[in-house]
Amino acid sequence: MREEPTWRIPIGVLGLVLALGLYALAIARFLAPWMANWPALAQAPIYLVLGIVWILPLRRFLIWMETGRWG
């Protein structure tokens with residue numbers, strides 16, 4: 001258990017918010033116009049997958065925020 005505050009948690013949260021914002025902007029800028037004329041049922045699985053993909057690297061990032069190690 002951590003007894004002293006660490007700089008990694010606030011910096012990590014800010015980094016996560018920034019990264020997710022950039023990810024969302026990239027999706028909105030490049031993918032959304034390409035799929036704009038698709039039916040909603042065709043777009044839904046793609047957005048579902050893209051909404052889950054960002055979670056994959058999150059485990060290691062959260063471990064780093066808590067412990068300072070990547071693994």
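The values are calculated or read from the model by the stated rules, or taken from the named source; none is laboratory data. Bear in mind the structure is a predicted one, so any value in this text is a computation, not a measurement. Glycine gets a Cβ as well: all are built from the backbone with ideal geometry, and neighbour counts include every protein chain shown. These area figures cover heavy atoms from the full protein model, side chains too; ligands, DNA and RNA do not enter into them. Shrake-Rupley method; radii C 1.70, N 1.55, O 1.52, S 1.80 Å.
Checked against the criterion of being under 17 Å from the mean Cα position of the chain (by Cα), open to solvent by 50 Å² or more (accessible area, probe 1.4 Å) and under 30 Å from Gly68 (Cα atoms), the candidates Ala24, Ala28 yield just one match: Ala24. Against the criterion of being open to solvent by 60 Å² or more (accessible area, probe 1.4 Å) and assigned to a helix (DSSP H, G or I), Pro33 qualifies. Taken over the stretch 43-61, the criterion of being surrounded by 10 or more Cβ atoms within 10 Å (Cβ to Cβ) and among the aliphatic types (A, V, I, L, M) is satisfied by Ala44, Ile46, Leu48, Leu50, Val53, Leu58.
Yes/no per residue for (1) surrounded by 10 or more Cβ atoms within 10 Å (Cβ to Cβ); (2) of a type in the set (Gly, Ala, Ser); (3) in contact (Cβ under 8 Å) with a residue 40 or more places away in the chain:
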residue: Arg8; (1), (2), (3): yes, no, yes
residue: Leu18; (1), (2), (3): yes, no, no
residue: Pro39; (1), (2), (3): no, no, no
residue: Ile63; (1), (2), (3): yes, no, no
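Within the stretch 13-71, the only residue that satisfies the criterion of being farther than 30 Å from Met1 by Cα and charged (D, E, K, R) is Arg29. For Leu14, the test of being within 21 Å of the chain's Cα centre (by Cα), modelled with pLDDT of 95 or more and closer than 15 Å to Met65 by Cβ is passed. Residue count for the stretch 31-71 under the criterion of being of a type outside the set (S, T, N, Q) and more than 16 Å from Val13 (Cβ to Cβ): the result is 25.
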